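Please read the structure below before turning to the comments.
Derivation of every value follows stated rules applied to the coordinates shown; laboratory data play no part. This is a predicted model, so every value here is computed, not measured. Heads up, the Cβs are rebuilt from the backbone with ideal geometry, glycines too, and the neighbour counts pull from every protein chain shown.
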Amino acid sequence: MGHSDGEHELEGDGLSAEDSSWSDGGWSEDDDEESLSFEGSGSGSGSGSDSDEAAAAEESDSSEDEVAPRNTVGDVPLEWYKDEEHIGYDIDGRKIKKRDREGRIEVYLKNADDAKNWRKIYDEYNDEEVQITKEEAKIISRLLKGKTPHANVDPYPDYVDWFEYEDKGHPLSSAPEPKRRFVPSKWEQKKVVKLVRAIRNGWIKLDKPKEESNLYLLWGDETDTADNKRQGLSYIPAPKPNLPGHEESYNPSVEYIPTQEEIDSYQLMYEEDRPKFIPKRFESLRSVPAYEKALREGFDRCLDLYLCPRTRKKRINIDPESLKPKLPSKKDLRPYPKTCYLEFKGHTSPVTSISVETTGQWLASGSRDGTIRVWEVETGRCLKVWNVGGDVRHIAWNPSPDRPILAAIVGHDLLLINAEVGCEEVQMRAKELLKICEMAPQDDTDGKKPAVRWMKHEKFDGITLIHHKAVSNVDWHFKGDYFTTVVPSGDTRAVLLHQLTKKHSHHPFRKLPGLPVAATFHPSQKMFFVATKKFVRVYDLQKAQLVKKLESGLREISSISIHPGGDNVIVGSKDGKLCWFDTDLSTRPYKTLKIHSKDITNVTFHRKYPLFASSSEDCTAYVCHGMVYSDLNQNPLIVPLEILRGHSSSDGRGVLDCKFHPKQPWLFTAGADSVIRLYCD
Amino acid sequence: MPKHYRPAGKKKEGNAAKYITRTKAVNYLQVSLAIFRKLCILKGVFPRQPKKKVEGNHKTYYHMKDIAFIAHDPLIEKFRQIKVHRKKVKKAIAKKNRDLADRLLNRPPTYKLDKLVLERYPTFVDALRDLDDCLTMVHLFAALPAVDGERVEVKRIHNCRRLSHEWQAYISRTHSLRKTFISVKGIYYQAEVQGQKITWLTPHALQQVLTDDVDFNVMLSFLEFYETLLGFVNFKLYHSINVNYPPILDPRLEALAAELYALCRYMATGSGRVIGNSESGGAIKEKEDENNKASSKADESELRLAQLQHQLPANEPGALMHLVEESTAVDTDDDETKECKSLFKNLKFYLSREVPRESLLFIIPAFGGTVSWEGEGAPFNEVDEDITHQIVDRPTQSHVFLSREYVQPQWVFDCVNARIILPTEGYLVGRVPPPHLSPFVDNDAEGYVPEYAETIKRLQAAARNEILPLPGDEDLDNSLVAAMMDRTESNEAAEKKKKLEMLEKQYHDELKMEIDGVTFSNLSNKKADKSPDTMDKDDTKSYHEEDEKNQAEKDSADISTALMSRKKLGLYKAIEIGKERKRDKVELLKKRKKNAESSASAKRR
């Protein structure tokens, strides 16, 4: 009954504030009951009731405007008292202490507990909470709505016409009311009929359509295979996205995480090469954040699916070794030069050219240091040295065994000298050949400078063929009487033929398209090969006409060699390619070997063995097996055999010349490092 | 005469007739580009690569047949209707005809994609084969925020969630999950359904941000098709295991966002349902099935029954029968499924609050484990005595039950990938777990085997040895675990022993030297003096030899390439480059590993 006890006190207060509109309705009824119970229960007071009483007192206070404010500071800015402990002074001049501030939580709780809390307003001036009465709340809400504060004010009172006048009962227009005001509208009726019909026929549906799930067993019976074929074009399924590797793990092993330097270095890479995903390590699963590119990647995948052209590509998964052609084993193709057996040292500058004597006993070499040397092949002994005083560009030994004569291009011109090897008789004959009667039969009368003048060379007892322009190449006919020289810049007189016995020269071509690079004789027939930069032309010397034109497809031919059989030609080029022509087969290369990384300086066939070699500026020489079959149906067999190394580069030049030994499977190479090497099997 | 000259009046031939550029295709179909895009996406039409690009190199070409295929689809007409409808609505609104506008808005033209699905995937296997993208997309959208006013409708996101859960429930129920992988991008799963390997990615269960750099129209077009496709696929799959398809879920569990669990329970009950029960019984059975699935073994049916009764006030006795029947029924699984099914058999997991619940609720039952979680609706709570593993992901665990092991979530994923119960030491609470390796990588083909992969391989071998002699043993798992623990321990012990011996030997040697009177500095000097010279000599010599050898090898390789045709040579070189790159990558990994090790050892010192 503690509660009812409390109510007793409240009743007492309620009486004092009878006029307050607050305690109406339920309250007043309560009051009555309480008063009854008070009578029944007798005396008693609870501590809980005190607060109620205080609240009631406050309410009654606030509701009455007449109650003077307790604070007497007057109309001063209240922030003056902000930092003070009091808010002002009461009527007796005593300080009014500030109340304790309520915490937010308390405010919140109060809000939650007390449904009427919204009516409470904090009065800053008196530092107290004031509860608004119902009436006041009503007034406020009316004000907020823009109405008059009091409900009993009528904003629209009936108009009272204070002034009376005569004809006040007339309308503005005196026209009679039209009929349509009294008859139902025809158009409206039509519209209604239309709508009714539309509704009846189901054209207009007023209720929202139901959403039914439309899933069913789509792939029901799959036994009928005819139905199961996809219509239209063949379907190319999109490739599946790549599966994640170890590095994409949230916790990859340490080796998958790039160092900071590596990450920095990615910035220097091209955008396309840059790794899109940088592995990162998280200590635990809870620390893994959301992947911010998830949506973007999903979108990219969508784009790939509908924008990328799809084609079927056969992905070959083959062993690279199986791509290599099946070649016969090297053992079966022996002998061929393999290892360096001898080094001929003596020159002091790059050895530009070498030539082996027909018997294979002697080797002649020409070098930039202005010397021609003759070496004994077997021993490597330098037999003879001519100091010719000028670069030796090219050197060729007369192929006839009884004419030990060397043709060398020294500076601009050709020099024929006696090699001074062999027996007395042979040497005598050579001397005979190299004798020249001093005369000028070559005096051409057309006023032009003669292409060649045969002059005696006093110093070495030889002959100098003074050309009108620089000579680059010399080659002997296999019989040893004729030889040819090439003057690249000689225009119509670029290729010259000389006869040794008659000391006669002439230029067989009236015009020659292209810049000649090399010219050579057929090894057994009366044919003549001229290599220009892109083509090789084959002439018949007897009929003096063009027989064939071989198209190399190379950038710039540098050297040419004819197979001893005469039907096959190899050509080396300045882009490191070697072309093999089978002239019977076609005028295009039968095979092109891209073997050297730099210019090919010389190519050569072996006279007896099925071998050919090429030397190049990249300091290597290739030895290849090149078997030509007598059966025309069988293509030549080409097998690269060996890469010969050993020369070192000087001035960016490597191996300058290579020649086979005429009888043995040996290869001589002349290097820019001024050494000649002999490779044997 | 120009090369492509065609006399007037002569029809186009070849590539000019077969292929059409995109602009021309759009004009041909008389639709807007946006609708054309949508049509292409829905019909699965993609550009082709003609042999000869007649109209120019930088254009997209479509096959004429594809375009005709689109042109004959009723969908194109439907899209036109939608366009017209939109115009009508706009007009009604502009004329302030609110009534008409509402009426129109109420019934927009709709279309169905079921025929398209069947057209694109005539057989079910075709659909499964192409399901990867579909699943990834649906799971991605399921993770997007379901907020009104965003660019994606809330309804669709909820639909995606539902579909993804249905799919996961099926996979989990049939134990066809094979591989899992937590990556930075999310969690990858690979399942095998009807012989098809299906891989999908689910984002981490964190709030995704909608970025502005994507075109949602395109993505939503894709999603539209994928939703339909996955719906039908789910239908078929559920049908194949005798479960009613649009599953009716326990609203309580659904409200708790434990949809997956609800679904599992549904399936566990639902499987018996088709055999002959009334309509109303369906839901109940479904629920029973869920129960079944959750615990997945007959011997645990007691527990399940308890759950069942607890969850289903309107239970009927027939349901229990089904339950038992169900648990003994399916025995047609292949070996791998069996293996997967029994991986976590007899293990009971409890998930703490902070672990990714959805993923683990999916994985653990898929491998035969029983799982519960912290929160409402859980089948059992933390104090359950039978719990063998508690999955936690926090720095420390305050209250510890001795009867169970506290492991990090990664342990579950690693176990699943290795198909054995791994020792838990590395994964205990507060430790940095061992590296998480991708199960999708063929380490041997890659040429580099991470250290932990080797460890796992060894454990697997040990497990196999242990298993063989005792097949079908009851406490097989336990013995397995024990055996593995033994194995690892013994290995470690052996290593330790070796190390000790080494140290001892070194110590003895030094002692001897000391006795001989060589001071340490002397010794080191001497060593230093001696070593560089000898090293140098040896080095140079061996270097030369090696060089020559390498050169010879290289030469022999070069020689055989000299005769290759240009095409083959290109191919050969490409292969070589690929190999080289691979080798470089492995080298880099090895280098990093070495660096890491050395730095770690330096730190230790």
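Quick look at the values:
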{"item": "Residues B:Trp411, A:Trp80, sorted so that the one with the fewest Cβ neighbours within 10 Å comes first", "result": "A:Trp80, B:Trp411"}
{"item": "Mean Cα-pair separation over length for region B:113-269, i.e. relative contact order, pairs under 8 Å, 6 or more apart, %", "result": "28"}
{"item": "Inter-label distance for B:Asp335 and B:Lys91, nm, one decimal - labels placed 7 Å from Cα along Cα-to-Cβ", "result": "7.0"}
{"item": "Net lengthening on full extension, A:Leu195/A:Ile316 (0.36 nm per residue, minus Cα-Cα)", "result": "36.5 nm"}
{"item": "Using θ = phi - 60° and Karplus 6.51 cos²θ - 1.76 cosθ + 1.60, couplings along region B:451-460 (whole Hz; Gly, Pro as x)", "result": "4, 5, 4, 5, 4, 5, 4, 4, 4, 5"}
{"item": "Efficiency of FRET between B:Arg583 and B:Val84 - r from beta-carbon atoms, R0 56 angstrom, step 0.05", "result": "0.35"}
{"item": "Residues of region A:570-604 with amide N under 20 Å of the 7 Å Cα→Cβ point at A:Asp681", "result": "A:604"}
{"item": "Chain A - percent relative contact order, Cα under 8 Å, separation 6 or more", "result": "7"}
{"item": "Computed E for B:Ala552/A:Lys326 - FRET, C-beta separation, R0 25 angstrom, nearest 0.05", "result": "0.70"}
{"item": "Efficiency of FRET between A:Lys205 and B:Lys51 - r from beta-carbon atoms, R0 60 angstrom, step 0.05", "result": "0.65"}
{"item": "Cα→Cβ-extended label distance, 7 Å offset, between A:Lys240 and B:Val209, nm", "result": "3.3"}
{"item": "Residues whose placed amide H lies under 5 Å from that of A:Ile96, excluding near-sequence neighbours", "result": "A:Ile87, A:Gly88, A:Tyr89, A:Asp90"}
{"item": "Value at 222 nm in deg cm²/dmol, rounded to 500, when DSSP H runs of n ≥ 4 in chain A each add -39,500 (n - 2.57)", "result": "-5500 deg cm²/dmol"}
{"item": "Karplus 3J(HN,Hα) series, Hz, for region B:22-28 with 6.51 cos²θ - 1.76 cosθ + 1.60 (x for Gly, Pro)", "result": "5, 4, 5, 5, 5, 5, 4"}
{"item": "Restricting region A:516-613 to trypsin sites (Lys or Arg not before Pro) in coil, as DSSP defines it, with at most 10 other Cβ within 10 Å", "result": "A:Lys543"}
{"item": "Spacing of the two label points (7 Å from each Cα toward its C-beta) at B:Lys573 and A:Glu425, in nm", "result": "6.0"}
{"item": "Net charge of Cβ neighbours under 11 Å - reference A:Phe509; Lys, Arg +1; Asp, Glu -1", "result": "+3"}
{"item": "Debye, to nearest 20: dipole size of region B:15-106, +1 on Lys, Arg Cβ, -1 on Asp, Glu Cβ", "result": "280"}
{"item": "Point-charge dipole on Cβ atoms (K/R +1, D/E -1) for chain A, about Cα centre, debye to 20", "result": "13140"}
{"item": "Cut-off under 5 Å, modelled amide H: who pairs with A:His504 long-range", "result": "A:Gln499"}
{"item": "Under 5 Å, built H, 5+ apart or other chain: amide partners of B:Trp373", "result": "B:Leu351, B:Phe380"}
